[in-house]
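J.: What follows is a structure written as structure tokens; I'll ask about it next.
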Number of protein chains: 4
Amino acid sequence: MANRGINKVILVGHLGQDPEVRYMQNGNVVANFSIATSESWKDKQTNETRDRTEWHRVIIFGKLAEIAGEYCKKGSQVYLEGQLQTRKWQDQSGQDRYTTEVVINPIGGTLQILGSRDSDSHQQPKPQTTAQAQHEEIEPDDIPF
Amino acid sequence: MANRGINKVILVGHLGQDPEVRYMQNGNVVANFSIATSESWKDKQTNETRDRTEWHRVIIFGKLAEIAGEYCKKGSQVYLEGQLQTRKWQDQSGQDRYTTEVVINPIGGTLQILGSRDSDSHQQPKPQTTAQAQHEEIEPDDIPF
Amino acid sequence: MANRGINKVILVGHLGQDPEVRYMQNGNVVANFSIATSESWKDKQTNETRDRTEWHRVIIFGKLAEIAGEYCKKGSQVYLEGQLQTRKWQDQSGQDRYTTEVVINPIGGTLQILGSRDSDSHQQPKPQTTAQAQHEEIEPDDIPF
Amino acid sequence: MANRGINKVILVGHLGQDPEVRYMQNGNVVANFSIATSESWKDKQTNETRDRTEWHRVIIFGKLAEIAGEYCKKGSQVYLEGQLQTRKWQDQSGQDRYTTEVVINPIGGTLQILGSRDSDSHQQPKPQTTAQAQHEEIEPDDIPF
DNA sequence: TTTT
DNA sequence: TTTT
């Protein structure tokens, strides 16, 4: 458990679709989704406003995957902390291909659902959906949000 | 402009009060507020749920201070990136005192207002208030949120 | 174990003194030290190079405290990840005082010793001393650096 | 210049090769290299120590690219902060391919060369080579490391 | 002093 | 595919 180096990704963005959750034979849970981060800037040459959206493939393991499955949906804004991982696979023609994903593990990873508070009127309080868990050993009744 | 070391703070929390904005004689703008971050956990000994809220003093300079003044208010949820700075001052009795603050400078600092989207019903879209600027040289009309 | 908000500090700097390590009656270990982060910049008015060093009080719990005690010393360069915590105490005159520290807990916290490689000549490779542990449950023989 | 979302990568690792630096016709500078981050852990099933090295493609623009070209080399340990970007390209057969890179821009990006201090003997202090620049507008003589 |  |  000694590491050499830091491999950390921090994203705040919106989910492009509902998470896909799979329950493994060994009890593990895995969730997948993509989230978008956008930036816009004014092009100094043309004086036009330009825009770029980046999509990030996110894969979550363990308790946070369950939380994602239950509380995140298409359009949810989340804060997450994970690490970069590039996976090798073969396409139909047998060629090597690589896909880079942001992996959120129970240890060191974080997921929080943001927002949930009506920003203009506070008259209608809603159930808070901000959530976080950082550890596999959490008991289900530990998730009070 | 060469640095030795990294001094970085990342916070997501809610403002405890409206930002206090001051316009300096030299045109600089400074904004102050405090934000709360909370964590709760189950005490393994007593089996009780416990809770701790941490308050952080935030001071913002430049364009981001103006944005804070205009778009942040008490209760707003924000993402911010700044650095730790401990300031020495004298109390009434002349004794040295120290206060640690999170300073957000135009270069390297970030402020984004989160949320603004109704998390349950998407029927009534609201004006987006998520915002960021990272650079002093931004023209006012560059802030489109 | 649900949290509201993110409270994260990332520092890279050098220790100002050897860590002070205390072993508690309950078996817990706590280490303290300060680390310096410096930045220098050219003052645009005076055209002089200016310099500022910031000192951060760090407190470490658990296995990472032991690692700090054994492998960090005055002058060591470290990467660390912790959270801000402001502690209230009373001075001799009974007045409330506050001290802000960077707390590194076994869960979510990180400590890595940097360097160890001669940056000028690569002829004499040295044993790598970069290290990290993020979890209390680490067995002692798991720390191979 | 308003952004929606946070896209941030923090890496500490060693360069796999000397940086490749290209000077563009318009005066821009671009540097490329890969850096490795490693983690090891004990497999709980087999009780064996396992190891995984992740390689990250890094691309740097502007002044930091020049710094990388001059001061980084194969084996250098660096701290860097950038953002994820996935680039689409066509392979020889015309098929779409995607490559994810960590992009370090002058604004918001950071590069620091770590180490430079002999970790075992402190008798012979060496010139500090830790360095950082965060801004395009830096004059060459601003880089004192 | 926030938020749920 | 998100969000404003």
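The values are calculated or read from the model by the stated rules, or taken from the named source; none is laboratory data. None of these values were measured; they are calculated from a predicted model. Cβ sites come from the backbone with ideal geometry, for glycine too, and all protein chains shown count toward neighbours.
J.: Among the residues of the range C:22-36, count how many are under 17 Å from C:VAL103 (Cβ atoms), assigned to a strand (DSSP E or B) and touching a residue at least 12 places away in the same chain (Cβ under 8 Å).
T.: So in the range C:22-36, the residues under 17 Å from C:VAL103 (Cβ atoms) come out as C:22, C:24, C:28-35.
Those still in the list that are assigned to a strand (DSSP E or B) too: C:22, C:29-35.
Applying the additional criterion that residues be touching a residue at least 12 places away in the same chain (Cβ under 8 Å) yields C:29-35.
Total meeting the criteria: 7.
J.: Among residues belonging to the range A:22-44 that are within 13 Å of another protein chain (Cβ to nearest Cβ) and more than 16 Å from DNA strand F (Cβ to nearest atom), point out the one that is surrounded by the most Cβ atoms within 10 Å (Cβ to Cβ).
T.: Ranking the candidates gives A:ASP43 first.
J.: Go through (1) under 11 Å from the mean Cα position of the chain (by Cα); (2) free of Cβ contacts under 8 Å to residues at least 40 places away in the same chain; (3) more than 24 Å from C:LEU80 (Cα to Cα) one by one and return the number of the condition B:HIS14 breaks.
T.: (2)
J.: Can you find, within the range A:106-117, the residue that is farthest from the other protein chains (Cβ to nearest Cβ) among those that are aliphatic (A, V, I, L, M) and outside any loop (DSSP other than H, G, I, E, B)?
T.: A:LEU111
J.: Conditions: (1) facing another protein chain (nearest Cβ under 9 Å); (2) not in a loop (DSSP other than H, G, I, E, B). C:VAL103 meets all but one. Number of the miss?
T.: With (1) facing another protein chain (nearest Cβ under 9 Å); (2) not in a loop (DSSP other than H, G, I, E, B) applied to C:VAL103, the lone miss is (1).
J.: Just a yes or no: is a residue in the range C:13-36 among the basic types (Lys, Arg) and in contact with a helix residue (DSSP H, G or I) (Cβ under 7 Å, 6 or more places away or on another chain)?
T.: Taking every residue of the range C:13-36 in turn, none turns out to be among the basic types (Lys, Arg) and in contact with a helix residue (DSSP H, G or I) (Cβ under 7 Å, 6 or more places away or on another chain).
J.: Check off (1) in a loop (DSSP other than H, G, I, E, B); (2) within 24 Å of B:TYR79 (Cα to Cα); (3) of a type outside the set (Gly, Ala, Ser) for A:ILE67 and give me the number that stays unchecked.
T.: (1)
J.: Considering each residue of the range A:2-21, count those that are in a loop (DSSP other than H, G, I, E, B) and buried (at least 20 other Cβ atoms within 10 Å of the Cβ), and give that number.
T.: Of the residues in that region, 3 qualify.
J.: Can you tell me which residue in the range A:70-99 is surrounded by the most Cβ atoms within 10 Å (Cβ to Cβ), limited to those that are in a loop (DSSP other than H, G, I, E, B) and at negative phi?
T.: Of the residues in the range A:70-99, the ones in a loop (DSSP other than H, G, I, E, B) are A:72-76, A:91-95.
From what is left, the residues that are at negative phi are A:72-74, A:76, A:91-93, A:95.
Values: A:CYS72: 25, A:LYS73: 16, A:LYS74: 12, A:SER76: 22, A:ASP91: 10, A:GLN92: 5, A:SER93: 8, A:GLN95: 12.
Looking at residues that are in a loop (DSSP other than H, G, I, E, B) and at negative phi, I get A:CYS72.
J.: Can you find even one residue in the range A:41-60 that is in a helix (DSSP H, G or I) and either aliphatic (A, V, I, L, M) or more than 16 Å from DNA strand E (Cβ to nearest atom) (or both)?
T.: No, because not a single residue in the range A:41-60 is in a helix (DSSP H, G or I) and either aliphatic (A, V, I, L, M) or more than 16 Å from DNA strand E (Cβ to nearest atom) (or both).
J.: Restricting the search to the range D:90-117, which residues are at pLDDT 95 or above and among the hydrophobic types (A, V, I, L, M, F, W, C)?
T.: Hits for the range D:90-117 are D:VAL102, D:VAL103, D:ILE104, D:LEU111, D:ILE113, D:LEU114.
J.: For residues that are in contact (Cβ under 8 Å) with a residue 60 or more places away in the chain and within 13 Å of DNA strand E (Cβ to nearest atom), tally how many sit in the range B:61-77. Please lay out each step first, then the result.
T.: Just the residues of the range B:61-77 that are in contact (Cβ under 8 Å) with a residue 60 or more places away in the chain, to begin with: B:62-64, B:67, B:71, B:75-77.
Filter once more, so that each one left must be within 13 Å of DNA strand E (Cβ to nearest atom): B:75-77.
Counting residues in the range B:61-77 that are in contact (Cβ under 8 Å) with a residue 60 or more places away in the chain and within 13 Å of DNA strand E (Cβ to nearest atom) gives 3.
J.: Also, quick follow-up: Surrounded by fewer than 21 Cβ atoms within 10 Å (Cβ to Cβ) and within 13 Å of another protein chain (Cβ to nearest Cβ): is that true of C:GLU54 in this structure?
T.: yes
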